[in-house]
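Worksheet: one structure, shown below.
The values are calculated or read from the model by the stated rules, or taken from the named source; none is laboratory data. Keep in mind that this is a model prediction, so the values were computed, not measured. Positions of Cβ are generated from backbone atoms using ideal geometry, with glycine treated the same way; all protein chains shown enter the neighbour counts.
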Amino acid sequence: MSQIEMTALFGGVPERAPRLVARLLNGGAGSSLSDVDLLAVVLGPGAGPAARRAALRVLECGWPPVPPRDQQAPWWASVRPAQGIRLAAALELARRIGEDGPPPDPALRTPQDVFEITADLRHCRRERFQGLYLNTRQRLLARETISVGSLNASIVHPREVFAPALGHRAASVVVVHNHPSGETDPSEDDLAITRRLEEAGRILGVHLLDHVIVGRNGFTSLKEAGHL
């Protein structure tokens with residue numbers, strides 16, 4: 001889009017508005033445009049001072065704004081009718097897109113995938129033992145916390161691990177837990193738990209794919225280490 005076209009689109013505003021639309025069209029909206037910038041573009045025309053003031057009023061009413069119901073949403077009174085209609089249409093479009101559901105659940109094919117999806121465990125001060133339940137394509141069906149606290153073979157019982165697997169109709173499971181110390185070398189209890197779960201999974205027909213120990217800066221896969 002040329003500078004002339006952008007200036008015409010934004011009602012003759014010569015400075016900030018064309019820069020905003022240029023950044024938007026160049027794919028930089030995710031990181032370079034603020035909520036005020038994006039709302040000003042929606043509320044336009046011009047994305048100039050008046051649209052930015054309207055955007056600030058909308059944000060002051062709460063974010064994200066909710067679609068109006070008979071024009072009773074708090075932000076509706078903060079904008080002109082034409083602006084309210086544009087924003088209401090944008091919110092309704094976002095709602096419809098959201099009804100399509102979340103993006104496909106990720107496939108967990110490597111220990112690195114497990115490490116990335118369990119990033120929240122890296123800095124936990126207590127040990128958390130979780131099951132990641134997968135379908136036949138190794139896509140994540142569910143993530144369940146099995147226990148919190150120091151682990152031993154008596155605390156992590158196979159029934160607690162495999163009951164969710166049966167409930168979710170999982171084909172396989174990856175178990176993962178963190179070491180608050182940051183080290184990821186498996187303990188004797190870690191190895192004993194793994195052997196017990198592997199045997200139980202074989203009986204139940206739910207494959208234990210891996211046991212991943214997560215630390216602050218890395219992980220250990222018991223499968224890669226030859227324990228599975």
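Here are some notes:
- Elements of type strands (runs of 3 or more DSSP E) contained in the stretch 127-228, each with 1 or more residues being in contact (Cβ under 8 Å) with a residue 12 or more places away in the chain and of a type in the set (A, V, I, L, M): 128-134, 140-148, 172-178, 207-214
- Checking Thr184, Thr194 one by one, the residue that is more than 16 Å from Gly131 (Cα to Cα), surrounded by 14 or more Cβ atoms within 10 Å (Cβ to Cβ) and polar (S, T, N, Q) is Thr184 and no other.
- Screening the stretch 30-89 for residues that are hydroxyl-bearing (Ser, Thr, Tyr) and at pLDDT 65 or above and picking the one that is surrounded by the most Cβ atoms within 10 Å (Cβ to Cβ) gives Ser78.
- Selection status of Leu93, farther than 30 Å from Ser221 by Cβ, surrounded by fewer than 11 Cβ atoms within 10 Å (Cβ to Cβ) and at pLDDT 70 or above: yes
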